[in-house]
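Novice: Shown below is the structure under consideration.
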Amino acid sequence: MEVEKDKEDDTDYSSGDLFLNKTYVQKTLECSGCTINVKMLDTASTDYDLTGQIIWPAAKLLTQYIVSKREEYQNGSILEVGSGVGICGLFVARVNPNSVVSDNNDIVMELLEENAQLSRTDGYPCQAVKLEWGDMANIESVKKQYGTFDTILGADVVYWRTSIIPLFLTIQQLLTDSSSASYILCYQSRSSQTDTYLLEQASLHGFNYEFIDHQSFFNNNNNHTLNLLKSNDNDNNQNGNEGNNNNTNNQQEEEMEKEKETKSNSYSIKDEYLLSIMKLIVFKRKNEDSGDGVGVGVVGVVVE
């Protein structure tokens, strides 16, 4: 009897699908009276290129900064680059109907589109667009569709040093040519060499910069904390257990509600060391007529 040969394994291991995780959880986040519904992973993907599926600390801090100054962002057009989940742009959409979120990874873009749709369903216009930094054809396409932007946001988008030049080339093209236009970057400092390189490239690409002290707006005891209000990962699946005692179910629901309450501030950054290595920088175009210097120091003090 001839032994049947094993069927050939047609799994494409090079595609990355083997490690792909799309088990998203929908959460409701609140900051200073603004709420958003957003889908994300609860833990980071095993694929290093899919870091955009979760919320990183820099995005939390940038969100709190923007919300604390939301009156300043009610007008004009706003773009978030490297949005990932997109919480910064989604919160901006609560106060400004001209909010656009962007990313370059196809899988992350699927998630970002879903979150932009959630915002629109809630009644807050928000558009999602694929944006490849440094790709001039793609940049021109985005510019043709949306024009230039008065404010551009970016959270933890300088993880790789090689992305810094393409990023500034993109900002150069998409930021409105105005002295008031700004690119606001928040990131976790991981290398002093990268920090220095970032500021050097900012200057070479025609930007001044100002460091913002997070203590000027961030306080875990004030109204600008980022709070988790609801998460569907705690949904109680009772299928097939209809016989459980109703009192037990009610007790379980009460315990779940208490657990949610204890997590209400879990999305604010509480680690003092982590806060200490966060960089929040506002970049603006150099004013050639005034002979602006290379950059600006902390909280608006010009460094000559």
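No lab work stands behind these numbers, since they all come straight from the coordinates. In this text the structure is predicted, and so the values were computed from the model without any measurement. Ideal geometry is used to build each Cβ from the backbone, glycine not excepted, and the neighbour counts take in all protein chains shown.
Novice: Can you give the Kirkwood hydrodynamic radius for the stretch 105-205, in Å, rounded to one decimal and based on Cα pairs?
Specialist: Values: mean 1/r = 0.0666 Å⁻¹.
The Cα-based Kirkwood calculation yields 15.0 Å.
Novice: Would you please classify the overall shape of the stretch 121-174 from the alpha carbon gyration tensor, given that a ≥ b ≥ c denote the square roots of the eigenvalues, rounded means a/c under 1.5, and beyond that prolate means a/b larger than b/c while oblate covers the rest?
Specialist: Values: a/c = 2.18, a/b = 1.41, b/c = 1.55.
Cα axes put the stretch 121-174 in the oblate bin.
Novice: Turning to a different aspect of this structure: For LYS69 and GLU200, FRET efficiency with R0 = 41 Å and r from the beta-carbon atoms, rounded to 0.05?
Specialist: 0.90
Novice: With 32 Å as the limit, write out which pairs from LYS39/LYS144; LYS27/LYS284; LYS39/LYS270; LYS143/LYS279; LYS22/LYS284; LYS144/LYS230 have Cα-Cα distances beyond it, or answer none.
Specialist: LYS27/LYS284; LYS22/LYS284; LYS144/LYS230, as the Cα separations exceed 32 Å there.
Novice: Can you give the Rg to Rh ratio of the stretch 148-214, both from alpha-carbon atoms, with Rh computed by the Kirkwood formula?
Specialist: A ratio of 0.93.
Novice: Assuming a ≥ b ≥ c are the square roots of the Cα gyration tensor eigenvalues, decide whether the stretch 42-183 counts as rounded (a/c under 1.5), prolate (otherwise, with a/b larger than b/c) or oblate. Walk me through the numbers on the way to the answer.
Specialist: On the way: a/c = 1.36, a/b = 1.06, b/c = 1.28.
Here the stretch 42-183 falls in the rounded category.
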